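Some notes on the structure that comes next.
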Amino acid sequence: MDRPIVVEDPPSEHTPIATVIPDEHTSVSTEQRHQGAVLSSSASHLRKYRGGFTSSICDLFRDPHRRTDCCAVACCGILSIDRSRYLLTGERPPPLWFRVLMYLGIPAGFILAMNHFTVDVTIPGSISGGDDSNGSGGEGETTVKAAHPAVVLSFFAYIVLVVSYGYMKNKRMREAILMELYTERARERGEEVDLLAARSILDRRNYMDNIRAHCCFAFCYQHDYNFYDDSTGMACRDGLEGAAVEQPEADVCTRLWDCLSSTFWCCGCWCQCCGICAVAQEEREVNRLTINEQQKIDYLTFQPYSEYYPSIQNLVEHQIRSPWKHIQSLSILSSKLLKNVFAVLVVLLVYSLASIDSNFTWENMIVLLLTLGQAFFIEYLVHWKWNLFDLSFDSVVKYFACGFFLTTPSAVVFEMVISTFASVVAFVVGGFVLASDSQLAKDFESDPKLALQEFMVKYPALFIIYEFVNAFIVAAVVEEMVKYFGYRMVVTPDLLPGRSAPSSRNGNDEGTAAVGGGNSAKSARSTGAGITVAMVSVALGFACCENLMYIFVYSPPSIGVEISTLLARSLFPVHPLCAAIQSIGVCRRDLEGDKRYGLGLIILPAILLHGSFDFVLMVAAYFMQVNTIKEGTGDDATAAPENEDGATEDILEQLPSILVVFGLVIVGYTYYVVQSRAQTRRLIAMDYASASREQNSPLV
C-alpha cells in the first residue's frame, strides 16, 4: 500500500537542506509548550550569552549549515525580522504598497522635488576661464542651480524618521524575545513569572545592549566572548563554565568571517552593520522558542506549506503537465510575484508607447522583453522540459525571484565595497610607482590624461594584476557566493525530507521506483535534479537582472548597442553553468554525505571558470586600449567606429578573446556533464541500496 501524502517536519537548523542521509532528531516534549503557541524547549543545558540568548551575537556564519544567517544579510534582514516578529507575536508586516510608498515612492518624490525647486548659487571663480556657461554672473564667478535647502533638509529629515521608525520596531522585537527568555528561565527554576518585575530587570540589565544591537553602524556592542551568566551570578567564558562545547566544523565562509570580525576584538567590541548580527541572533532564538509546525511557512505571506503543497504533490503523483494546473497550485507568494511582474511589464509597455521618454521607446521595450525571454527560455528547458516533477513550478518562481531581487543587490553592494578597497590599494601602489618615476610624475602635473595613458603602456603588469583581482575576487568570488547563499535562503517543501516522489513514468527515476515496491519517498536522483534546477533558477534570476543593468544602465542609450550587449551576454550563459557546477558539490555534501565538501570546494570550480572568463575579457579589453593609445587615437578609444571597416577591425581584434572564452565555456560544460553523470550513477546506487533495505525490513 502506498504511503499517504503528508508534509513532514523540516530538518533542524543543523541539518543540510534536502539531505536523504538518515539523521536522528530529538522529539519535543508537550510539557515544554506554554501559552498555546510558544515552545519553551529547556535551555538549561545550553550556553547563555548576553541577555540570556542561547547563541552569541558574534555567531554570524559560525555554523555553515545555518540558513538564517544568509536571510539576515539580504535586504538588511527585513524579511528575517518580519518572519521572527510574526512567529513570536503574530504581528504581520505592513502591506507591500505601503513599503513601496515609504521606501521608494516618497524618496523618488523628494528627488524630483530637488530637481524642480532650485535656487541660483554663485560660486567664486569661473569654471570655464571667465566665460559663464549659464549666461549669468560676472567675470570670475559662476552661477549654478542647486536644490532648495528646505527640500534637502526635508529629505534628510524623512530619512532619519524612517530609520528611527524601523529601529524602534526592531528594538521592541528584541525586548519581546528577552521577555520570553526571562519567562523560560523562571519556569525552569520553578519561579513565579512577574512580568512587571521582569520588565524592570531587563530594562536595567539590557537597556544599552538593546540600543546598540540594531544601530546602523555600531562598534560599541560588547562581544560575547566573556559574558555574565545571571543564573549563576558568575562571569563565564565560552558558555557553561568547564563544559565541553562542540563547535560545528568551519568552512571557508566561517574562516573569512572570523578573519574580518577578529579585527575589532582587540578593543572588546563587536562590529555591527545595520543590525545584521542582531537580526540573525534573534531569528535563531525565535526558531528555538516556537513550535516546529509554526515555522513551516513562506516568507512575506506567512502561508503554511500545508495550504498549497498537497496540490503540488498531487500533480507530481499523477504526472500532470498542464500549465494551468501548475499555475493553480501556486502559493500566494508565487502568485503575487507573477502578478506584480506582469503589472510592471504592462506599465512599462504603456510608458514606452506613450513616448514620454526618448531613451525608452517601444524598441527598448522589445529589448527588455528579449532579455527576460532569454532567461525564461533557459528556465523552460532546465525545468519544464527536462525536470518538471523534480522541483515544482512554485519553487522555481521563488528561487528565480530570490536571484533577481535579493542576490543581485547583495552582489552590487559587496562588489562596490571590495572594488573600493581594491581601488584604494591600487592608488597607493600607483603613488609608489610615481614616486620612483619622476618624469611620469611631472607629466601627471602637466597633462594627467596623457600621463595616465603613458602609465598604462609603461606598466602593463600592474594593470593585469588589477584586472586579475577584479575578475577573480570582485566578480567571481562575490557573485558565486551570493548565488550559493541565494539558494540557501529559500526553503521550499520540495527540498525537505519526506516529500512524495515522481512515479516510474518520470525519466529521472527510471529503474529506481520499481525496486522500492511502491515506496513514495523521493529518490536521491530526483532530489539531486531538483537541487540543480533550484540553483540554476537562482543564477538565471541573477543573470537576468545583471543583463538588464548592463543593457539599460551601463550601456549608452542606443538600440544597436543594447541589442549587441544582449547577444554577447546571451551567447555565453556563464552564470547558470557555474550554478549547475556548484550543484554537484551541494549534492555531494547533502545527498551523498561527503563531509569534505564545504563551501570552498562547492564554489571553487565555479570561481575558476567564472574568474577565467572575466579575466580573459578584461585583459583583452586592456590590450585593445593600449594598442589604440600606441596608434595615437587614445582620445577615441571608447568612440564607436565610424564605418564598416572600423567595425570589422574591432571584431577581428576581439575574435581571439571570444574564441578563448568560448573554449572556457565548452570546458566548463564538459566538466559538468562528466561530473553529473558520475554523480547520477552514485545516486542511483544509493536509491537501489535504500530500496533493498526497505524490502528486507521486518516491517515490510
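The values are calculated or read from the model by the stated rules, or taken from the named source; none is laboratory data. The shown structure was predicted, so the numbers you read here are calculated from the model rather than taken from an experiment. Cβ: placed from backbone, ideal geometry, glycine included. Neighbour counts: every protein chain shown. Just the protein is used for accessible areas: all its heavy atoms, side chains included, with ligands, DNA and RNA removed. Shrake-Rupley method; radii C 1.70, N 1.55, O 1.52, S 1.80 Å.
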Ignoring ligands, DNA and RNA, what percent of the 1.4 Å accessible area of the range 415-456 is carbon and sulfur? 72 percent
Ranked highest first by the average count of other Cβ atoms within 10 Å around their residues, in what order do 390-403, 441-454 fall? 390-403, 441-454
Evaluate the charge dipole of the range 527-624 about its Cα centre and quote only its size in Debye, nearest 20, assuming +1 on the Cβ of each Lys and Arg and -1 on the Cβ of each Asp and Glu. 220 debye
Take the residue pairs Lys171/Lys336; Lys296/Lys336; Lys296/Lys483; Lys336/Lys398 and return only those whose Cα atoms are more than 21 Å apart. Lys171/Lys336; Lys296/Lys483
Calculated on alpha-carbon atoms, Rg and Dmax of the range 144-193 in Å: 21.4, 72
What's the ranking of 85-96, 298-309, 577-588 by average number of surrounding C-beta atoms within 10 Å, highest first? 577-588, 298-309, 85-96
Can you give the accessible area per residue of the range 416-485, in Å², using a 1.4 Å probe? 57 Å²
Which lysines, if any, have their Cα less than 21 Å from the Cα of Lys442, not counting same-chain residues under 8 positions apart? Lys458, Lys630
Order of 178-184, 484-490, 624-630 by packing, highest average Cβ count within 10 Å first? 484-490, 178-184, 624-630
